[in-house]
1. Just for segment A:161-179: of the residues that are part of a strand (DSSP E or B) and farther than 28 Å from residue A:136 by Cβ, which one is nearest to the chain's Cα centre (by Cα)?
2. For residue A:62, indicate whether it is within 26 Å of residue B:92 (Cα to Cα) and at the interface with another protein chain (Cβ under 8 Å from one of its Cβ atoms).
3. Within segment A:119-150, work out how many residues are more than 8 Å from chain B (Cβ to nearest Cβ), farther than 23 Å from residue A:36 by Cβ and part of a helix (DSSP H, G or I).
4. Mind telling me which of the residues B:189, B:200, B:215, B:236 ends up being charged (D, E, K, R) and modelled with pLDDT under 95?
5. Return yes or no: is residue A:260 of a type in the set (A, V, I, L, M, F, W, C) and under 26 Å from residue A:30 (Cβ atoms)?
6. Against the definition (surrounded by fewer than 22 Cβ atoms within 10 Å (Cβ to Cβ), part of a helix (DSSP H, G or I) and away from chain A (no Cβ under 14 Å)), how does residue B:204 come out, yes or no?
7. Among A:195, A:219, A:175, which is the only one that is of a type in the set (A, V, I, L, M, F, W, C), modelled with pLDDT of 95 or more and either touching a Ser or Thr at 6+ places or on another chain (Cβ under 7 Å) or surrounded by 20 or more Cβ atoms within 10 Å (Cβ to Cβ) (or both)?
8. Filter segment B:42-77 down to the residues that are at the interface with chain A (Cβ under 10 Å from one of its Cβ atoms) and touching a Pro at 6+ places or on another chain (Cβ under 8 Å), then identify the one that is surrounded by the fewest Cβ atoms within 10 Å (Cβ to Cβ).
Amino acid sequence: MEQELLSDLYKQMLRIRRFEEEAARLYTEKKIGGFLHLYIGQEAVAVGALSVLQKNDYVMTAYRCHGHYLARGGSARAGMAELLGKETGCAKGRGGSMHFFDIENRFMGGWGIVGAQVPVAAGLAFAEKYKGSDGVAIVFLGDGAINIGSFHEGLSLSALWNLPVIFVIENNQFAMGTPLEKTAPTEDLSIRALAYPMARETVDGHDIFAVRETIFAAAKRAREQHLPTLVEAKTYRYRGHSMADPAKYRTAQDVEAWKARDPIKVVGETMESLGMKGLREQIEQDVELEIQDAVRFAEESPFPAPETALDYTYV
Amino acid sequence: MSNAMLNNSDTNTEAVREIQIRDALQEAMTEEMLRDGRVFLVGEEVGGYNGAYKCSKGMLDQFGAKRVIDAPIAENGFAAIGIGAAMAGLRPIVEFMTFNFSLCAIDQILNTAAKSRLMSAGAISCPIVFRGAGGAAFQLGAQHANSFDGFYAYTPGLIVVAPATPYDMKGLLKSSIRNDNPVVFFESELTYGKRGPVPEGEYLIPIGKADIKREGADVTLVTWSKNLFLVLDTAEELAQQGISAEVVDLRTLRPLDKETLFNSVAKTHRCVIVQEQHEVASYGAYLSHLISTEIFDELDAPVGLVSTLEAPMPYSKALEVVLLPGKDRIIEKVKAVCS
C-alpha cells in the first residue's frame, strides 16, 4: 500500500514536471503564445493536496494552473493541446495556459485575476452545502494574492457562513518579482486566518506527506463541520514568474537550496531506499511516453475553425 | 399585450390589479423560488430589513435564512459566492442595493461571470441574476447617481435587461432567473413605488424583445428603463404640438431587438434616442451607429441623441435637472430631427 502511494505521488509530480519542461521548450519554439507560468518546484503542493480529496470535491486555482489540472486527473494530451490553442484542448483552445478546465474532474479553472478565484471557490463550497452534499472546495492562490480585497472578502464570508472550503496559499516567496518581505509584514501568512476567524495551518510545501496530512485534516473539518481552513504551504518555483521573467531578483544559491530538497528527488530517493528502483525507472519511462504522446497529439491536432470564434459566449 | 397593460386599455374582461414595481419584483422572485429550489436571494438588507427598497418583503419569513441571505457589505465577495454557486448548479439572485456599488464587484461580473463559458468552452455556465437600482434618483449626489446599463451592455457574455413598467419588470425578471446566462437587471429607485397593471396569473416576457409603448407616425423615440415614463409624457406633449411620436421601449439592451427598432424607424423615418448615459462611448451612440448604417436609406434626418451631460452628477436640484435628459431637450431634438 505504501509502495503504491509512493509510486502514485512520484508519478503525478513527475508528470507535472515533464509536462512543463516540454511546455517551456514549445514556448521557446513559439508554438505556445501569451503567458506561460510554470509550476516547476511546487508540485508537491498540488499533488499532495489533491491526493487526499474526494471525487465530488471542487478544485479551483489561479493562472499557474497546469499542475493542479494534471494532479486532479486532467489528461496531458488535452492540456498540451490547450497550450497550443487547439480544438482538442481541455478548453478547446479558448482558455490557454492560464485557463485550464476539466469539469469531469470538478477542476473549475484556471483564473487570471489575482485573488478573484478565492470568493468564487467559496461559492462552489456554498453550493455543496446548500445541496446537502458532503463535497468541499479547495482553492489555491499565491502569496501575491493575500493583499487584495477579494481574498479577504472570500475568507470573511466563508467564516461568517460556515462554508466547507480550504484556502491554500502557495507561498513561493515572490509576487512576480517582488519578494515576500516587501509585500507582507510577517513571514507567517496563515496568521491572517485569525481575523475572520478560521482554523489555520502552516506546512512545508516541499514535504508531500506533510501537505497530505494538513489538507486531509482541513477537508475533514470542511466535510464534517462545514468550517473553512486557511493553509499556508511554503514552497518555491524554480523558474521565473513566467517564461518572460529571467528571475534576476534572487540568487542561484537560494534556488539551489530549495532544489536540494526537491520533492520529486526526495520521493524518488525514498523509493530507491525501499528497493523500488525498478519501479521508479518504469514510472519515468511511462511518464516520458505520456508526455511525448501529448506533445505529438497537440501538434497534430487541428486549430479551432475560424467560424467558431464567437461560440460559447451564450448558452 | 404589454402596450395594452401600460395604457390600461386591456380588452380582457378579467380584473387586472395595479401593483407597485417593488411588489412585481417580489412576486417574480417568490414565484421562481417556489418553482425551483435552486433559486436563492443574497444581498445587503434583503432579509430582516425586507430589502432596502422593500423588494423582498416577507421573503425571509416565507423561505427562511437558507434562501434569503443577508450579506455583509462586501459586494465583490457575495457576488463571487453567487457566481461560484451558479457554476456549481444553483441559480442565485444577487441584489445590489444600487448598481453604484456593483463596481466593487465588477471584476467578478465582467471577468468571472461573463467569461466563464467562453474560457471553459461551454463546460461551465453561470446562471445568475444581478439586480438592483440603477441611474439617478433625486439629488443623491455624484457617487449614487451612476447609470451603468450601457456600461454592462458593453460586455459579451452578459445579458442586460432594463425594463420600466411593473408588468415588464415582473415578466422579465422571471425570464432572467430562468435564463442560463449571467443577467444584469436594472431597476430604479425612483419607480419602485410606481403602480401599473399586473395580472394575477403567471406570465413571462422574453428577453431580447422590445415593445412599442406608443404608436406614432412622425418620429421614433427610443428609450429604456425609467426614462420610458419621461418619453411617454414627452410624446403626449409632442402630440399636442402636432407631432406624432412612436415610442420604442427596448427593455433589453443585450441582446438588442433590432427588428422592432428598425421596423419602427423604417415607418417614421426619423429617430431620437433618449438615454440616461453620458454620450461618449454610450449605448445610444451605438444604436445611432446601427440605425445610420444598417437602415441608412430609411432615414430622412440624422439620428438624434439626448444624453446626460458630460459631468459627474452635482447634488443641487437646480443642477441635476440640467444634466439629465429632460422634456425640453427631447422636444428640441425632435423638432430639429423633424424640421
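1. Per the stated criteria, the residue is A:174.
2. no
3. Result for segment A:119-150: 1.
4. Sole residue among the options that is charged (D, E, K, R) and modelled with pLDDT under 95: B:200.
5. No; evaluated as a whole, the condition is false for this residue.
6. So residue B:204 fails the test.
7. Matching residue, one of A:195, A:219, A:175: A:219.
8. Ranking the qualifying residues of segment B:42-77, first place goes to B:42.
The values are calculated or read from the model by the stated rules, or taken from the named source; none is laboratory data. What you see is a predicted model, and the numbers here were worked out from it, not measured in a lab. All Cβ positions, even for glycine, are placed from backbone atoms using ideal geometry, and neighbour counts span all protein chains on display.
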